[in-house]
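Please treat every number below as a calculation from the coordinates, not as lab data. Just so you know, these numbers come straight off a predicted model, no measurement behind them. Methodologically, a virtual Cβ is constructed for each residue, glycine included, from the backbone with ideal geometry; neighbour enumeration extends over all protein chains shown.
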Amino acid sequence: MPVFNSPFLLGFDHFERAVDRIAKMSAEGYPPYNIEQIGDGRIRITLAVAGFGERDLQIQVENNQLTIRGRQEEAGDRVYLHRGIAARQFQRSFVLAEGIEVVGAELDNGLLHVDLVRPEQESRVKTIEIKPARQSGRSIDTRTVKS
């Protein structure tokens, strides 16, 4: 049974799709990340991406979903005696609420900071005019019927 299946929730099918996307996202914990409030309406997502450079990372927003991908190119001339630093690719996704915008990203000492902003919502009030019903051409007989 859908979560938003109520006669009082009209037009919320996009929320249901967002919940489905969240449920399908990978539960993998790599790379680790933090989400912090850095001011009024400002959010920062920080991912630990040690070993990845700017060219190895890609950030995209599509249909209110922020996706961060990392893929390192293999250095063919290196011979590892021990390889303990992960060089695997990753994909981390976040569903964004309507109106949230990605305003920038910065790579600093192995930490990728993605800054988001939520614009202040202004209150909207709209008055709807009520028009009289159209006459259908049929008249309603209000006389009492005698048998």
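Residue separation of Glu36 and Leu81 scaled by 0.36 nm, minus their Cα-Cα distance, works out to 12.3 nm of gained length. Judged by the mean number of other Cβ atoms found within 10 Å, the most tightly packed of the peptides 123-131, 100-108, 33-41 leads the ranking 100-108, 33-41, 123-131. Which one of Pro31, Ile100, His82 is farthest out on the positive end of the charge dipole of region 29-117, using unit charges on Cβ (Lys, Arg +1; Asp, Glu -1) and the Cα centre as origin? The residue sitting farthest along the positive end of the dipole is His82. Inter-part distance, region 42-77 to region 78-119, computed on C-alpha centroids, equals 4 Å. Label separation (Glu62 vs Leu111): 3.0 nm, computed from points 7 Å beyond Cα along the C-beta direction. In this structure, Glu101 and Ala50 have a Cβ-Cβ separation that, at R0 = 35 Å, corresponds to a calculated FRET efficiency of about 0.80.
Mean sequence separation of contacting Cα pairs (under 8 Å, at least six apart), scaled by the length of region 29-117, corresponds to a relative contact order of 34 percent.
The length gained on full extension between Lys131 and Arg71, counted as 0.36 nm times the residue separation minus their Cα-Cα distance, comes to 15.6 nm.
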